[in-house]
Amino acid sequence: MPVAWRILLCACLSYTISQFYRSANAVIGPDLMTELALTPADLGILTGAFFLTFSVSQFPVGIALDRWGPRRTILVTLVIAFIGTLAFALGRNLFELSLARIVLGFGCAALLTGPMVLFSRWFPPDRFATMSSILIAVGNLGVIASTAPLAWFAEAYGWRGAFYVTAVITVCLIALSYWAIEDHPDPAKARSGANETLAETLRGVGAVIRHPAFPNLFAIIFSAYATFITILGLWGGPYLHDVHGLDATARGNVLIFMAVGAAAGYFIWGPLDRVFNTRKWLLAVGLGSQLVCLLVIVLVPGLSVIIITALFCFMGVMNGCIVMIFAHARSVFPAELIGRGITTLNIGTMGGGAFQQFLTGSLMTYMAPKGTVPTELDYRIIFGVQFVILLSALIYYLRTPDAKPHQTA
């Protein structure tokens with residue numbers, strides 16, 4: 001198998017486990033709340049801990065990718081992910097589970113950006129969006145696994161058993177990555193920042209942040225994925241439980257449509273930038289469609305489970321457009337800053353997820369104190385907050401110039 005395709009296979013499998021870890025709480029969340037007497041705010045903290053530490057770790061990961069190469073960086077972070085998985089399976093209270101989620105956040109921090117750096121080296125520039133979309137689409141199998149399959153497994157063997165299994169899978173991924181990954185077609189260019197001093201390395205991060213397109217790209221990446229994962233990975237399950245009375249299996253059966261829709265969406269959106277020669281306006285269409293779905297949920301009470309399922313599924317498909325954000329970023333950062341550029345920008349992906357989950361968790365606790373069940377109106381307010389955040393970010397992003405594939409090929 002050619003090295004480039006070997007890397008793609010390994011990257012997709014590793015990103016799958018990362019997606020599973022970040023999304024699993026939506027299905028097992030009610031079980032965690034019952035077993036450990038957690039409040040909605042506790043669940044928001046527990047879920048958001050992964051996203052917050054994932055976000056914070058992007059700075060050192062970006063530096064590591066440029067200084068020591070993707071291979072070493074990915075291997076080290078996978079070992080950390082294995083430790084976090086075992087710690088979560090053994091956790092006995094909110095503190096221990098949150099600490100485990102923090103470790104998992106660090107452990108998964110290079111499993112998206114590391115492969116993207118590799119793609120920028122092993123594939124032509126105008127294929128970057130396509131390769132990234134394949135990575136995220138296949139990785140979304142982890143999100144799918146965290147819905148109905150996880151619900152079934154947790155009911156049969158317990159949620160702890162599920163994490164023991166994923167710990168074994170993570171060990172296999174460490175071995176696969178050791179075999180599959182090579183840093184660069186030209187070994188002399190494998191570590192672009194290896195000869196930089198620490199000051200030069202940090203100046204590179206500063207150059208990324210000062211780039212004129214960075215604030216616009218950061219604003220949209222801070223909001224786009226966060227809106228999707230806060231529904232799929234946090235509030236979708238409790239909403240279906242509290243408003244529609246669905247048990248774990250039924251919740252998983254609904255959320256799997258959103259996850260499958262997202263997987264399909266990433267495959268669909270990836271090649272479209274070369275078809276329509278735009279990234280900015282494809283992103284506007286995809287996120288605008290998600291805003292319409294959110295607005296329906298916010299404004300129309302009493303929606304049936306069938307309609308909610310359809311809306312969630314369509315939002316998943318439309319969320320595939322976020323690959324255009326990374327393709328846009330790939331076109332504006334120079335080769336020697338690709339690792340730091342993508343990881344610095346990716347702070348917004350997980351930071352936005354943490355922000356929305358902490359914010360909505362606190363808001364839900366205020367509206368529905370411990371011992372009460374959130375109402376449909378409470379959830380509609382939560383979705384309304386997400387609508388406002390995403391709309392504001394999209395309006396701000398549209399100020400930035402487009403990045404057309406034929407200009408960067």
Picking from 355, 326, the residue that is at pLDDT below 95 and within 20 Å of residue 128 (Cα to Cα) would be 326
Of (1) part of a loop (DSSP other than H, G, I, E, B); (2) at pLDDT 90 or above, residue 400 satisfies all except one. Which?
-> (2)
Starting from residues that are surrounded by 20 or more Cβ atoms within 10 Å (Cβ to Cβ) and aromatic (Phe, Trp, Tyr), keep the ones in region 365-386 and report whichever is nearest to residue 294 (Cα to Cα).
-> 383
Given 362, 331, which one is touching a residue at least 40 places away in the same chain (Cβ under 8 Å), open to solvent by 10 Å² or more (accessible area, probe 1.4 Å), closer than 18 Å to residue 381 by Cα and hydroxyl-bearing (Ser, Thr, Tyr)?
-> 362
Of the listed residues (167, 137, 180, 129), the one being within 21 Å of the chain's Cα centre (by Cα), at pLDDT 85 or above and open to solvent by less than 20 Å² (accessible area, probe 1.4 Å) is 167
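Of a type outside the set (Gly, Ala, Ser), open to solvent by 30 Å² or more (accessible area, probe 1.4 Å) and either touching a Cys at 6+ places or on another chain (Cβ under 8 Å) or at negative phi (or both), is that true of residue 325?
no
May I ask you to list the residues in region 239-255 that are out of contact with any His (no Cβ under 9 Å at 6 or more places or on another chain), modelled with pLDDT of 85 or more and under 22 Å from residue 18 (Cα atoms)?
Within region 239-255, 253, 255 qualify.
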Helices (runs of 4 or more DSSP H) contained in region 212-296 and holding at least 3 residues surrounded by 22 or more Cβ atoms within 10 Å (Cβ to Cβ) and over 16 Å from the mean Cα position of the chain (by Cα) | 236-242, 248-269
Search region 297-320 for residues that are open to solvent by 30 Å² or more (accessible area, probe 1.4 Å) and pair each with any residue that is part of a helix (DSSP H, G or I) and among the acidic types (Asp, Glu) when their beta-carbon atoms are under 9 Å apart and the residues are at least 6 apart or on different chains.
-> 301/376; 302/376
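Confirm whether residue 400 is farther than 30 Å from residue 206 by Cβ and surrounded by 15 or more Cβ atoms within 10 Å (Cβ to Cβ).
For residue 400, the condition - farther than 30 Å from residue 206 by Cβ and surrounded by 15 or more Cβ atoms within 10 Å (Cβ to Cβ) - is not met.
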Determine whether residue 78 is open to solvent by less than 10 Å² (accessible area, probe 1.4 Å), modelled with pLDDT of 95 or more and not hydroxyl-bearing (Ser, Thr, Tyr).
-> yes
Given (1) without any contact (Cβ under 8 Å) to a residue 24 or more places away in the chain; (2) at negative phi, where does residue 371 come up short, assuming only one miss?
-> (2)
Which ones in region 370-385 are out of contact with any Phe, Trp or Tyr (no Cβ under 9 Å at 6 or more places or on another chain) and not acidic (Asp, Glu)?
-> 370, 371, 372, 373, 375, 377, 380, 381, 384, 385
Counting just the residues of region 26-46 that are crowded, with 17+ Cβ neighbours inside 10 Å, among the small types (Gly, Ala, Ser) and over 15 Å from residue 159 (Cα atoms), which one comes out farthest from the chain's Cα centre (by Cα)?
-> 41
Could you check how many residues of region 66-96 are under 22 Å from residue 34 (Cα atoms) and over 20 Å from the mean Cα position of the chain (by Cα)?
-> 10
Residues located in region 237-271, provided they are acidic (Asp, Glu) and in contact (Cβ under 8 Å) with a residue 40 or more places away in the chain | 242
Would you say residue 393 is in contact with a Phe, Trp or Tyr (Cβ under 8 Å, 6 or more places away or on another chain) and in a helix (DSSP H, G or I)?
-> yes
How many residues are open to solvent by 10 Å² or more (accessible area, probe 1.4 Å) and not hydrophobic (A, V, I, L, M, F, W, C) when one looks only at region 109-126?
-> 5
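The values are calculated or read from the model by the stated rules, or taken from the named source; none is laboratory data. Because the structure is a prediction, the values reported are computed rather than measured. When we count neighbours, we look across all protein chains shown, and the Cβ atoms used for this are built from the backbone with ideal geometry, even at glycine. In case anyone asks, the SASA skips ligands and DNA or RNA and just uses the protein heavy atoms, side chains included. Shrake-Rupley method; radii C 1.70, N 1.55, O 1.52, S 1.80 Å.
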